[in-house]
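Notes for the one structure printed next.
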Amino acid sequence: MKLQVPFIQLPVTFDAAALAAEIEALGESVWRPHPQGFPGNSAVPLVSAHGDPDSDAVRGPMLPTPQLQQCPYLMQVFDTLGATWGRSRLMRLSGQAEVSAHVDIDYYWREHMRVHVPIVTQPEVRFHCGEKAIHMAAGDCWIFDTWRPHRVVNSANRSRIHLVADTVGGPGLWNLIAQSRIPESSPPGWQAQHVAPIAATPMNILYESQNLPTVMTPWEVREHLTFILDEARPHENLGNVSQLIGHFCRHWRSLWAAWGEAPEGGPAYRDALVLFREELARIATGMTLTNDVRLEQAIYKLVISVALADSAGPAMADERSAPVDPASMRNVA
């Protein structure tokens, strides 16, 4: 999710030692390698499609995995933050490893934000986002702007473990964000409230039951494409691309009026997407967004690839799908 600033610290802290003890009790066998095979990266699914601990899909009803259900304090963290939760994991980064520089541009990331709670960490672990870099201390709670280029570098010898929870938000979380701080400017007297483990605390954790569209509505199509046009850098062909987008939106609206989500409309929707992608490739060469992502790639990830559900398999959020050169991230803090 695009934010106004790179990093926001929420006004709550958690007992990192207690969380680490719960994780240690799960054992090593629950850790899975990164689905895209990035070295030094492994994870434990906590909330996944149908509660399947072997799933990395982002389509389908999200439920707690057996691993999360064995960790009452971790569940208390989810409950405390007061949001509706999507795919969430423990993410481990080995010593002398990194999360390579990238921008999250998939449809999933347009409305999902990532909540980070460091559980096992060292001062040498640095999180870079845009032109800023910080160390997230154990037990703190952060969100960051996934629309900017970002990366994580663990130059220590020991592993780093974060709770990384994905959400579209919720009343409790919005309230916390309203009371948050940004690293370079803290409100007078700002202090995070510590949330200690409470045995047998009642919980009302909400999980996603709806996430990716079967057929994207014309109103959502227009919203995403308008967002991309607003993010586009000036280019001599920008007017032509804007005209093409307008034509596609009207075309999609006419198909929606005829078919809605009916399966019979599939061929017509698919033909419209193919034509749009072909025309876009013809006129959008060399066009980029303010985060250095290619405009054509962003439109494909945000709209074309998900506007019509693919029944052939589960939808995935392609992490690091838009790699960037780390040298282009001029970190100043």
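Worth pointing out:
- Once all protein chains are placed together, residue 224 keeps about 10 Å² accessible to a 1.4 angstrom probe.
- Exposure ranking of 104, 52 by accessible area [1.4 Å probe, largest first]: 52, 104
- Part-to-part distance (alpha-carbon centres) for region 245-281 and region 112-145, which is given in Å: 40
- Estimated distance in nm for a label pair at residue 184 and residue 131, the labels positioned 7 Å out from Cα along Cα-to-Cβ: 0.7
- Centre separation in Å (Cα based) which lies between region 166-217 and region 1-28: 12
- Local electrostatic count at residue 278 - Lys and Arg +1, Asp and Glu -1, tallied over other residues with Cβ under 14 Å: 0
- Each Lys or Arg adds one and each Asp or Glu subtracts one; over the other residues with Cβ under 14 Å from the Cβ of residue 7, this totals +3.
- Extension gain, residue 268 to residue 175, is 29.1 nm, computed as 0.36 nm per intervening residue step minus the present C-alpha separation.
- Translational diffusion coefficient (Stokes-Einstein; Kirkwood radius from C-alpha pairs) of the chain at 10 °C, 1.306 mPa s, in µm²/s: 75
- For the Cα trace of region 134-284, dividing Rg by the Kirkwood Rh returns an Rg/Rh value of 1.09.
- Förster-model FRET efficiency, 30 Å R0, residue 247 and residue 38, C-beta, rounded to 0.05: 0.15
- Taking a sphere under 11 Å around the Cβ of residue 165 and counting the other residues whose Cβ falls inside, with K and R at +1 and D and E at -1, yields a net charge of +2.
- Note on region 156-274: dipole from Cβ charges, positive end direction compared against 234, 190, 157; the farthest Cα belongs to 157.
- For region 41-184: rounded, prolate or oblate by the Cα gyration tensor [a/c cutoff 1.5]: rounded
- Accessible area of the chain divided out per residue, in Å², using a probe of 1.4 angstrom: 44
- Residue-averaged 222 nm ellipticity for the chain, from DSSP H runs of 4+ at -39500 (n - 2.57), nearest 500: -9000 deg cm²/dmol
- Rounded percent of accessible protein surface that carbon and sulfur make up, the chain, 1.4 Å probe: 53
The values are calculated or read from the model by the stated rules, or taken from the named source; none is laboratory data. Since the model is a prediction, treat every value here as computed from it, not as a measurement. Virtual Cβ from ideal backbone geometry, glycine too; neighbours counted across all protein chains shown. Quick note on the areas: whole protein, heavy atoms, side chains included, nothing else; ligands and nucleic acids left out. Shrake-Rupley method; radii C 1.70, N 1.55, O 1.52, S 1.80 Å.
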